[in-house]
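Engineer: Input: one structure, supplied below.
The values are calculated or read from the model by the stated rules, or taken from the named source; none is laboratory data. Computed from a predicted model, the values in this text were never measured in an experiment. Don't worry about glycine lacking a Cβ; one is built from the backbone with ideal geometry, like all the others, and counts go over all protein chains shown.
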Amino acid sequence: MLNIQNLHAKIGNKEILKGLNLNVNAGEVHAIMGPNGSGKSTLANVLAGRNGYDVTKGIVEYEDKNLLELAPEERAWAGLFLAFQYPVEIPGVNNVYLLKAAVNAVRKYRGETELDAVEFLGLIKEKMKIVKMKDDLLNRSVNEGFSGGEKKRNEIFQMSVLEPKLAILDETDSGLDIDALKIVSEGVNSLRNEERSIILVTHYQRLLDYIKPDHVHVLSNGKIIKSGGPELALELEEKGYDWIKEKAA
Amino acid sequence: MNDNIQNYVSDFERLKNDDWFAESRYTALKLFKESGFPNSKLENWKYTDVRPIKRKSFSNVSEVTVSVSAEEVNAIRFDDLDCIEIVFINGMFSKEHSSLSALDKGIVVENMLDALANDKDLLTKHLTKYANDNVSPFIALNTAFIKNGTFINVAPNTLIEKPINILYLSKESNGALAIHPRNLIVMGENSEATIIESYIGLDNANYFTNSVTEVTLSPSANLKHYKIQQESLNAYHIGNLNVMQGKDSKLESHSISLGGALVRNDIHGQLAAEGAEIIMNGLYMTGNKQHVDNHTRIDHLKPRTLSTENYRGVLNGKSRAVFNGKVIVHKDAQKIEAHQHNANLLLSDDAEIDTKPELEIYADDVKCTHGATVGQLDQNMLFYLRSRAIDEETARSLLTYAFADELISNISFAPIRNRLERLVIGQLPDAALIREFTNE
Ligand SMILES: Nc1ncnc2c1ncn2[C@@H]1O[C@H](COP(=O)(O)OP(=O)(O)OP(=O)(O)O)[C@@H](O)[C@H]1O
Ligand SMILES: [Mg+2]
């Protein structure tokens with residue numbers, strides 16, 4: 001599904017990703033943990049196609065495509081979804097209209113017929129239940145005036161409507177209360193199947209109690225320095241990062 | 001250079017000028033002759049060069065009468081709005097296209113020529129009293145040609161529910177036409193009305209509109225005034241709106257500027273009694289080589305007056321816009337509130353904006369804020385939309401629309417809001433896509 005080899009990326013003159021390797025197969029859930037500033041969001045942004053990053057080396061294959069050649073919208077059409085660490089507020093752009101346009105853009109790309117208003121409403125009613133999304137949030141401008149937790153929940157709502165093939169969740173659990181964390185986790189779990197892959201960026205092992213990862217990686221200083229199973233997250237929780245960093249150095 | 005002034009003088013001489021207002025016209029013409037067109041050495045005209053208007057010989061006298069079909073007028077009417085309509089074609093009152101019969105009690109809507117004949121007392125009292133010929137040569141020029149235009153009088157304690165739509169329609173005729181519409185709106189005590197002034201160019205006609213609107217609000221009067229400027233892209237438009245406000249009166253001015261090659265809007269509000277409030281909203285969208293200048297001035301003359309001003313601009317191509325907002329808080333005008341904001345979105349590297357707030361405050365117990373921003377489309381928003389499968393062009397249009405709509409969505413009157421939203425969408429590169437997005 002996703003194959004990253006020796007990825008190097010810079011912002012300006014600053015190298016942030018320094019030879020990152022990661023292979024994600026269809027149906028797998030990978031957790032990426034790591035110290036602040038280690039490059040987790042940078043990786044997510046590079047994968048989603050944000051401007052301003054200079055990829056100097058390495059390859060990223062997504063399905064049979066060279067991901068780095070695609071525009072951000074083309075990546076979305078091809079089934080990639082990024083739940084942002086800091087979802088942006090967009091005054092004047094309605095949440096539902098955006099979602100409908102997004103769904104139809106993807107359907108169009110796949111050669112499916114576009115949904116009309118009624119069909120679309122039917123679709124989102126379902127999904128709203130899963131993430132317990134409030135009606136009034138739906139008709140507001142995208143994320144405008146949403147609380148931190150509401151923004152995160154909106155990201156997961158969008159994800160569940162768009163049903164991506166590869167979802168990257170950048171600290172979706174940060175800032176969620178305990179109930180919301182459960183709801184969001186259920187939303188993610190309901191999407192899990194053998195064709196869909198998920199990358200969870202998180203600082204907290206708690207999330208992994210709800211969403212069991214197949215693999216856990218530690219990203220430090222622009223590289224994956226250790227990989228393991230779910231037990232690695234528990235070990236990190238207990239010991240922090242220093243012991244791995246020392247080993248890697 | 002004086003030749004073109006001579007042009008207007010000969011026009012003047014060819015027109016009949018023998019009614020009671022003749023002397024005023026003559027004096028105004030003299031004033032214009034002496035001052036000539038403003039040049040950019042004047043502070044007030046620093047960023048707007050009117051030489052293109054000056055150089056071209058426009059004439060107020062048309063040799064032919066152009067006719068406009070009912071379809072052409074219908075196409076620009078508010079289809080979902082029942083309104084009182086007064087229509088002018090190339091500056092001339094068109095009885096045929098107007099709908100002025102069966103007006104409610106308490107309201108007069110008539111062509112200025114008829115008003116000069118029928119309402120001498122009211123005109124003597126109000127006409128030329130709020131727009132000052134000495135302030136701008138264009139006002140003087142307009143006064144010299146007062147004939148066609150709209151006179152509206154709303155009686156005290158009258159609520160006019162139907163909006164009044166004043167339509168100035170211009171079409172190519174032989175030669176370049178100068179039109180000088182003069183409007184006077186007199187709102188009686190505790191009266192209420194909605195008035196729309198539309199300036200619309202039908203083809204790529206080359207003409208010069210030089211309009212002046214005077215408004216007076218008696219105590220507790222309430223007027224919503226919309227100006228929609230959609231002149232042809234070859235037209236020149238100079239428009240003045242001058243308002244005098246009495247105690248507890250309220251004016252909402254919405255000025256939407258979309259057309260014109262060279263445009264200058266001047267709005268001047270005078271809050272002349274306690275409790276008067278003015279809201280000034282404006283939206284300008286420019287492209288190609290358009291030049292659009294909005295100058296506003298608000299005088300807080302008395303205590304406890306309130307002004308809120310919000311102007312937004314979207315600039316594309318090699319266009320240039322100017323915003324100059326002057327707020328003067330006069331001595332002893334205590335406990336006033338004045339808020340002003342101007343936001344600009346530059347969509348191209350070649351577009352240019354000059355924005356300048358000017359606050360002069362001579363009282364001490366006041367609450368004033370002002371701010372101006374100039375920016376491009378937000379990269380984070382753009383990326384967010386694209387990451388949600390929206391292609392780049394649509395994302396750009398959508399954000400542009402959202403920027404402009406922040407102004408329009410505040411318009412409380414739905415038919416006008418919808419019309420304006422459609423007009424604004426029509427200005428965007430991906431009109432069809434945006435329409436799809438918003439018309440659910
Ligand atoms: N636009 C930028 N300009 C310069 N440096 C940047 C920019 N964006 C990110 N960085 C730097 O890149 C490094 C990696 O940032 P990134 O956001 O990827 O970290 P992260 O692992 O997601 O951290 P966190 O856990 O705090 O979210 C940091 O040192 C950060 O300061
Ligand atoms: Mg991060």
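Engineer: Among the residues of segment B:359-386, what is the count of those that are at the interface with another protein chain (Cβ under 10 Å from one of its Cβ atoms) and either within 29 Å of the chain's Cα centre (by Cα) or touching a residue at least 12 places away in the same chain (Cβ under 8 Å) (or both)?
Structural biologist: 4
Engineer: Give the residues of segment B:140-163 that are surrounded by fewer than 24 Cβ atoms within 10 Å (Cβ to Cβ) and over 17 Å from B:Val212 (Cα atoms), sorted by residue number.
Structural biologist: Once the filter is applied, which keeps residues that are surrounded by fewer than 24 Cβ atoms within 10 Å (Cβ to Cβ) and over 17 Å from B:Val212 (Cα atoms), segment B:140-163 yields B:Ala155, B:Pro156, B:Asn157, B:Thr158, B:Leu159, B:Ile160, B:Glu161, B:Lys162, B:Pro163.
Engineer: Still on this structure: Within segment A:1-57, take every residue that is surrounded by fewer than 18 Cβ atoms within 10 Å (Cβ to Cβ) and of a type in the set (Asp, Glu) and give me the one that is nearest to ligand 2 (Cβ to nearest atom).
Structural biologist: A:Glu15
Engineer: Still on this structure, I have one more. For segment B:200-282, list the strands (runs of 3 or more DSSP E) that sit wholly inside it and hold at least 3 residues that are surrounded by 22 or more Cβ atoms within 10 Å (Cβ to Cβ) and among the aliphatic types (A, V, I, L, M); which are they?
Structural biologist: Qualifying strands (runs of 3 or more DSSP E): B:207-217, B:236-245, B:262-271.
Engineer: Quick one: in segment A:69-87, of everything that is part of a helix (DSSP H, G or I) and more than 7 Å from every other protein chain (Cβ to nearest Cβ), which residue is surrounded by the most Cβ atoms within 10 Å (Cβ to Cβ)?
Structural biologist: Only one residue tops the list, namely A:Arg75.
Engineer: Of the residues that sit in segment A:9-65 and are more than 10 Å from ligand 1 (Cβ to nearest atom) and among the polar types (S, T, N, Q), which one is nearest to the other protein chains (Cβ to nearest Cβ)?
Structural biologist: So, considering only residues that are more than 10 Å from ligand 1 (Cβ to nearest atom) and among the polar types (S, T, N, Q), the one nearest to the other protein chains (Cβ to nearest Cβ) is A:Asn51.
Engineer: Go through B:Arg312, B:Arg304, B:Arg320 for me and flag whichever is over 15 Å from B:Leu283 (Cβ atoms), within 19 Å of the chain's Cα centre (by Cα) and surrounded by fewer than 24 Cβ atoms within 10 Å (Cβ to Cβ).
Structural biologist: Result: B:Arg320 is the single residue among B:Arg312, B:Arg304, B:Arg320 that is over 15 Å from B:Leu283 (Cβ atoms), within 19 Å of the chain's Cα centre (by Cα) and surrounded by fewer than 24 Cβ atoms within 10 Å (Cβ to Cβ).
Engineer: Looking at (1) within 16 Å of ligand 2 (Cβ to nearest atom); (2) surrounded by fewer than 21 Cβ atoms within 10 Å (Cβ to Cβ); (3) assigned to a helix (DSSP H, G or I), which is the one condition that is false for A:Leu234?
Structural biologist: Evaluating A:Leu234 over (1) within 16 Å of ligand 2 (Cβ to nearest atom); (2) surrounded by fewer than 21 Cβ atoms within 10 Å (Cβ to Cβ); (3) assigned to a helix (DSSP H, G or I) leaves (1) as the failure.
Engineer: Looking at segment B:47-89 only, could you name the residues that are crowded, with 16+ Cβ neighbours inside 10 Å, among the polar types (S, T, N, Q) and modelled with pLDDT under 80?
Structural biologist: Answer for segment B:47-89, where residues must be crowded, with 16+ Cβ neighbours inside 10 Å, among the polar types (S, T, N, Q) and modelled with pLDDT under 80: just B:Ser62.
Engineer: Taking into account only those residues within segment A:167-190 that are touching a strand residue (DSSP E or B) at 6+ places or on another chain (Cβ under 7 Å) and away from ligand 1 (no atom under 16 Å from the Cβ), which is farthest from A:Ala26 (Cα to Cα)?
Structural biologist: A:Val188
Engineer: Pairs under 7 Å by beta carbon, first residue within 13 Å of chain A (Cβ to nearest Cβ) and surrounded by 21 or more Cβ atoms within 10 Å (Cβ to Cβ) in segment B:413-437, partner not aromatic (Phe, Trp, Tyr) and not in a helix (DSSP H, G or I), six or more apart or different chains?
Structural biologist: Cβ pairs passing all conditions: B:Val424/B:Met285; B:Ile434/B:Leu428.
Engineer: Next question, about the same structure. Does A:Glu126 satisfy being away from chain B (no Cβ under 11 Å) and in a helix (DSSP H, G or I)?
Structural biologist: Answer is yes for this residue.
Engineer: I've got another one for you. If you go through segment B:387-398 one residue at a time, how many are assigned to a helix (DSSP H, G or I) and at the interface with chain A (Cβ under 7 Å from one of its Cβ atoms)?
Structural biologist: 3
Engineer: From (1) over 15 Å from the mean Cα position of the chain (by Cα); (2) within 16 Å of ligand 2 (Cβ to nearest atom), pick out the condition that doesn't hold for A:Pro87.
Structural biologist: (1)
Engineer: Considering only segment A:67-82, I want to know if a residue exists there that is within 15 Å of ligand 2 (Cβ to nearest atom) and either touching a residue at least 12 places away in the same chain (Cβ under 8 Å) or under 19 Å from the mean Cα position of the chain (by Cα) (or both).
Structural biologist: Checking segment A:67-82: at least one residue is within 15 Å of ligand 2 (Cβ to nearest atom) and either touching a residue at least 12 places away in the same chain (Cβ under 8 Å) or under 19 Å from the mean Cα position of the chain (by Cα) (or both).
Engineer: Quick test of your reading of the structure: A:Val46 fulfils all but one of (1) farther than 23 Å from A:Lys226 by Cα; (2) β-branched (Val, Ile, Thr); (3) without any contact (Cβ under 8 Å) to a residue 40 or more places away in the chain. Name the failing condition by number.
Structural biologist: (1)
Engineer: Looking at this structure, is A:Glu144 more than 9 Å from chain B (Cβ to nearest Cβ), surrounded by fewer than 18 Cβ atoms within 10 Å (Cβ to Cβ) and not in a helix (DSSP H, G or I)?
Structural biologist: Spelling it out, A:Glu144 is indeed more than 9 Å from chain B (Cβ to nearest Cβ), surrounded by fewer than 18 Cβ atoms within 10 Å (Cβ to Cβ) and not in a helix (DSSP H, G or I).
Engineer: To continue, here is another question. Quick one: would you say B:Met112 is over 29 Å from B:Ala221 (Cβ atoms), touching a residue at least 24 places away in the same chain (Cβ under 8 Å) and within 22 Å of the chain's Cα centre (by Cα)?
Structural biologist: no
Engineer: Looking at segment A:18-39, I want the residues that are hydroxyl-bearing (Ser, Thr, Tyr) and have a partner that is within 11 Å of ligand 1 (Cβ to nearest atom) with Cβ atoms under 8 Å, at least 6 apart or on another chain. Which pairs are those?
Structural biologist: A:Ser38/A:Leu219; A:Ser38/A:Ser220; A:Ser38/A:Asn221; A:Ser38/A:Gly222
Engineer: Here is a further query. Restricting attention to segment A:98-110, does a residue exist that is surrounded by fewer than 17 Cβ atoms within 10 Å (Cβ to Cβ) and either within 16 Å of ligand 2 (Cβ to nearest atom) or acidic (Asp, Glu) (or both)?
Structural biologist: no
Engineer: Which residue is modelled with the lowest pLDDT, if the candidates are limited to segment A:209-243 and must be within 16 Å of ligand 1 (Cβ to nearest atom) and touching a Ser or Thr at 6+ places or on another chain (Cβ under 8 Å)?
Structural biologist: For segment A:209-243, the residue satisfying everything is A:Tyr241.
Engineer: State all residues of segment A:88-107 that are more than 9 Å from chain B (Cβ to nearest Cβ), touching a residue at least 12 places away in the same chain (Cβ under 8 Å) and more than 24 Å from A:Asp173 (Cα to Cα); if no residue qualifies, say none.
Structural biologist: Within segment A:88-107, no residue meets the criteria.
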